[in-house]
1. Quick test of your reading of the structure: residue B:97 fulfils all but one of (1) more than 7 Å from chain A (Cβ to nearest Cβ); (2) surrounded by 19 or more Cβ atoms within 10 Å (Cβ to Cβ); (3) without any contact (Cβ under 8 Å) to a residue 24 or more places away in the chain. Name the failing condition by number.
2. Looking at A:113, A:73, A:78, can you tell me which residue is out of contact with any helix residue (DSSP H, G or I) (no Cβ under 6 Å at 6 or more places or on another chain), at pLDDT 90 or above and not aromatic (Phe, Trp, Tyr)?
3. Consider residue B:61 carefully, then state whether it is closer than 22 Å to residue B:11 by Cα, at the interface with chain A (Cβ under 7 Å from one of its Cβ atoms) and buried (at least 20 other Cβ atoms within 10 Å of the Cβ).
4. Considering only residues that are modelled with pLDDT of 85 or more, outside any helix (DSSP H, G or I) and not charged (D, E, K, R), which ones fall in region B:1-29?
5. Working only within region B:70-90, note down all residues that are within 12 Å of residue B:30 (Cβ to Cβ) and either facing another protein chain (nearest Cβ under 7 Å) or surrounded by fewer than 15 Cβ atoms within 10 Å (Cβ to Cβ) (or both).
6. In a helix (DSSP H, G or I), out of contact with any Leu (no Cβ under 8 Å at 6 or more places or on another chain) and within 26 Å of residue B:21 (Cβ to Cβ): is that true of residue B:80 in this structure?
7. Examine region B:39-47 for a residue that is surrounded by 22 or more Cβ atoms within 10 Å (Cβ to Cβ) and at the interface with chain A (Cβ under 7 Å from one of its Cβ atoms), and state whether such a residue exists.
Amino acid sequence: MYLSVSASRRLILMAYDVLFYLFAGFAIACAISMVYHRNPLYSAVSLVGVFIALSCIYVTLAAPFIAAVQILIYAGAIMVLVVFVIMLLNLEEDRPHSRLSYLYVVGGGLGLILLAQTLFVFYAVSSAPNHAVDQSETVGRTISIGRAMYTDYLLPVEIVGILLLMATVGGVVLARRLSQPQLELIVDQELERRNEGDEKNDYRIAF
Amino acid sequence: MEPSLAGYLALSGILFTIGAVGVIFKRNAIGMFMCIELMLNAVNLTFIAFSRYYADVTGQLFVFMVMSVAAAEAAVGLGIIIAFFRNSQSIDVDDASILKN
């Protein structure tokens, strides 16, 4: 098959391969670094690396709209929110393990079983006969996504809109203080609350 | 055609497993939240790969829906984490076991 294509076509295919392995390796390395680091901020930055690598892979899969949205929503909105919360709560590093260490071995074993299962299912799916569809480059274009979104999938889009509204209201209700203090009093109250922290925590010990 | 479908699916499976193992290993609520985001992204990669190989735009639409749900999850989940931190001065999920007694 490769003999019939021209040299430039072969070069492009090779570039696709190289890009895929490059970004896949970057994504896996960043994911492992995210799980490995105890400092939540390092984890967040590693996760941004995963998102960027996946976005690059989406571009090679002819999905430029999803690649842009991935950067905007995930690396932009969601991770900024996460980093903001990490900074707001002034989190320190996780305490070193207090759990029994054999539980980590059990967790790793379960992870390996999950990996084997997932790869087996995917192997079975991808070795099924292909329908040989016409893989045109136009599928991922914004116009085709928009047309499908506002004709065939109008109801799911509306439902997602309502879900986002509910999440916005819910987030505000959950995160606001019960007694709406004056802005200049917040710092005093915070200090006061932290001083009371030891006494407040006693109810858990008393149980 | 580019790298085969199996390559993308394998990458997706590996990322999903790393996310699942991370949820098991992490004790910090924000860390678990980020691992869940990683798992959602692994599934998104599967959707995009199938969308590409079957030339069907539906997969990309579902990725868009998943992203919207992830944004809603981020808003509510981080709100819960802030409320929990305000009550217990910690986001360690081991401290969230008051109902146990």
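The values are calculated or read from the model by the stated rules, or taken from the named source; none is laboratory data. This is a predicted model, so every value here is computed, not measured. We place every Cβ from the backbone using ideal geometry, glycine too, and count neighbours over all the protein chains shown.
1. (2)
2. Numbers: A:73 fails: out of contact with any helix residue (DSSP H, G or I) (no Cβ under 6 Å at 6 or more places or on another chain); A:78 fails: out of contact with any helix residue (DSSP H, G or I) (no Cβ under 6 Å at 6 or more places or on another chain).
Being out of contact with any helix residue (DSSP H, G or I) (no Cβ under 6 Å at 6 or more places or on another chain), at pLDDT 90 or above and not aromatic (Phe, Trp, Tyr) holds for just one of A:113, A:73, A:78, which is A:113.
3. Numbers: closer than 22 Å to residue B:11 by Cα: yes; at the interface with chain A (Cβ under 7 Å from one of its Cβ atoms): yes; buried (at least 20 other Cβ atoms within 10 Å of the Cβ): yes.
Here the answer is yes, as residue B:61 does meet what is asked.
4. Taking region B:1-29 and keeping what is modelled with pLDDT of 85 or more, we get B:7-26, B:28-29.
In the following step, the residues that additionally are outside any helix (DSSP H, G or I) were identified as B:26, B:28.
If the condition is that a residue be modelled with pLDDT of 85 or more, outside any helix (DSSP H, G or I) and not charged (D, E, K, R), then B:28 is the only one that fits.
5. So the first thing to find is which residues in region B:70-90 are within 12 Å of residue B:30 (Cβ to Cβ), and the list is B:74, B:77-78, B:80-82, B:84-85, B:90.
Within region B:70-90, B:74, B:78, B:80, B:81, B:82, B:85 meet the criteria.
6. Numbers: in a helix (DSSP H, G or I): yes; out of contact with any Leu (no Cβ under 8 Å at 6 or more places or on another chain): no; within 26 Å of residue B:21 (Cβ to Cβ): yes.
Against the criterion (in a helix (DSSP H, G or I), out of contact with any Leu (no Cβ under 8 Å at 6 or more places or on another chain) and within 26 Å of residue B:21 (Cβ to Cβ)), residue B:80 does not qualify.
7. Yes: one or more hits.
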